[in-house]
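J.: The following block contains the structure, expressed as structure tokens.
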Amino acid sequence: MGKKIAGLVFALLVFFCIGGPIKGVERYEEVFQPETKNFADRAEEYFPVKQNIKTATVDVLVGKASWYGPEFDGRLTASGEVYNQSALTAAHRELEFGTKVRVTNLSNGKSVLVTINDRGPYVAGRHLDLSRAAAEQVDMVEQGVVEVKMEVIP
């Protein structure tokens, strides 16, 4: 019986000294953090982020927008729709197709409501590609790239 108790004590010592829980971790959730794909939770990817407000109804981010037009007009978008440079649409890398976004040009305050129907832009530092019509609404065609506020409308 003495050998069994000694063996049990030894096993417990080995478990707690070597194979016990990870030091500093109280729960499993602290070790396993699933990758988030939520647009607002990934705001740190939007440079420079001057504003990141998440309310119950609207996600607001600041980033760079560009526009695309004639060379893509009539081609299929990632959503399967035909791109129409005269429509108020935009491309974003993550937002769901059909998402409504109010885009405001921060240099002049002009805004437009667009629908996400394509993927992009795929240029570093850019966060939204507007159709030509949307770019005209916010008066950014000549500049090409401007800083905008993006409000995701539920």
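The values are calculated or read from the model by the stated rules, or taken from the named source; none is laboratory data. Bear in mind that the values here come from a model prediction, so they are computed numbers and not experimental data. Backbone-built Cβ (ideal geometry, glycine too); neighbour counts: all protein chains shown.
J.: For the range 128-154, give me each residue that is buried (at least 21 other Cβ atoms within 10 Å of the Cβ) and within 17 Å of the chain's Cα centre (by Cα).
T.: Selection gives 128, 129, 130, 148, 150.
J.: Kindly evaluate residue 143 against the criterion of being modelled with pLDDT of 95 or more and either farther than 20 Å from residue 87 by Cβ or among the β-branched types (Val, Ile, Thr) (or both).
T.: Taking the combined requirement at face value, the residue satisfies it.
J.: Let me ask something else about it. For the range 79-124, give me the residue count where each residue is assigned to a strand (DSSP E or B), under 15 Å from the mean Cα position of the chain (by Cα) and either at positive phi or buried (at least 21 other Cβ atoms within 10 Å of the Cβ) (or both). So that I can check it myself, show each step before the final result.
T.: Pass one, the range 79-124, residues assigned to a strand (DSSP E or B): 82, 89-91, 100-105, 111-118.
Cutting the leftovers down to under 15 Å from the mean Cα position of the chain (by Cα) gives us 90-91, 100-101, 116, 118.
In the following step, the residues that additionally are either at positive phi or buried (at least 21 other Cβ atoms within 10 Å of the Cβ) (or both) were identified as 90-91, 101, 116, 118.
Going through the range 79-124 one residue at a time, the tally reaches 5.
J.: A further question follows. Looking only at the range 58-78, how many residues end up being touching a Gly at 6+ places or on another chain (Cβ under 8 Å) and crowded, with 19+ Cβ neighbours inside 10 Å?
T.: Total meeting the criteria: 3.
J.: If you check 120, 109, which single one turns out to be under 24 Å from residue 154 (Cα atoms) and without any contact (Cβ under 8 Å) to a residue 12 or more places away in the chain?
T.: Among 120, 109, only 109 is under 24 Å from residue 154 (Cα atoms) and without any contact (Cβ under 8 Å) to a residue 12 or more places away in the chain.
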